[in-house]
Amino acid sequence: IVEQLGQLYGCEEEEMPEVEIDIDDLLDADSEEERALKLREALVDCYKPTEEFIQELLSRIRGMRKLSPPQKKT
């Protein structure tokens, strides 16, 4: 994700603006449209087209589930 964001913003990771993409937050969203909206909002400052990045990220997380915290063994 970081590498692709660098390409979108046309800069190295150190120079990239603060962009926070919370995968768990995306997984909590009720629909694909809500996930896409959250990503568009996170990338609002990007001057390059973001739709391809958004669609690729959505397809990658489609099969994921939110990780639960590790359980303590008793």
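The values are calculated or read from the model by the stated rules, or taken from the named source; none is laboratory data. These numbers come from a predicted model, not from an experiment. Backbone-built Cβ (ideal geometry, glycine too); neighbour counts: all protein chains shown. Surface accessibility is based on the protein's heavy atoms, side chains included, excluding ligands, DNA and RNA. Shrake-Rupley method; radii C 1.70, N 1.55, O 1.52, S 1.80 Å.
Some observations on this one:
Quick grid of which residues meet (1) more than 9 Å from the chain's Cα centre (by Cα); (2) among the small types (Gly, Ala, Ser); (3) modelled with pLDDT under 85:
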| position | (1), (2), (3) |
| --- | --- |
| Gly6 | yes, yes, no |
| Glu15 | yes, no, yes |
| Leu37 | yes, no, no |
| Ala42 | no, yes, no |
| Ser68 | yes, yes, yes |
| Thr74 | yes, no, yes |
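- From Glu33, Glu14, residue being over 23 Å from Gly63 (Cβ atoms) and open to solvent by 40 Å² or more (accessible area, probe 1.4 Å): Glu14
- With respect to the stated conditions, Asp45 is in contact with a Pro (Cβ under 9 Å, 6 or more places away or on another chain), open to solvent by 40 Å² or more (accessible area, probe 1.4 Å) and either free of Cβ contacts under 8 Å to residues at least 60 places away in the same chain or part of a helix (DSSP H, G or I) (or both).
- Residues of region 1-11 that are of a type in the set (A, V, I, L, M), assigned to a helix (DSSP H, G or I) and open to solvent by 40 Å² or more (accessible area, probe 1.4 Å): Val2 alone.
- Among (1) surrounded by 14 or more Cβ atoms within 10 Å (Cβ to Cβ); (2) over 14 Å from Ile1 (Cα atoms); (3) in contact (Cβ under 8 Å) with a residue 40 or more places away in the chain - the single one Thr50 does not satisfy: (2)
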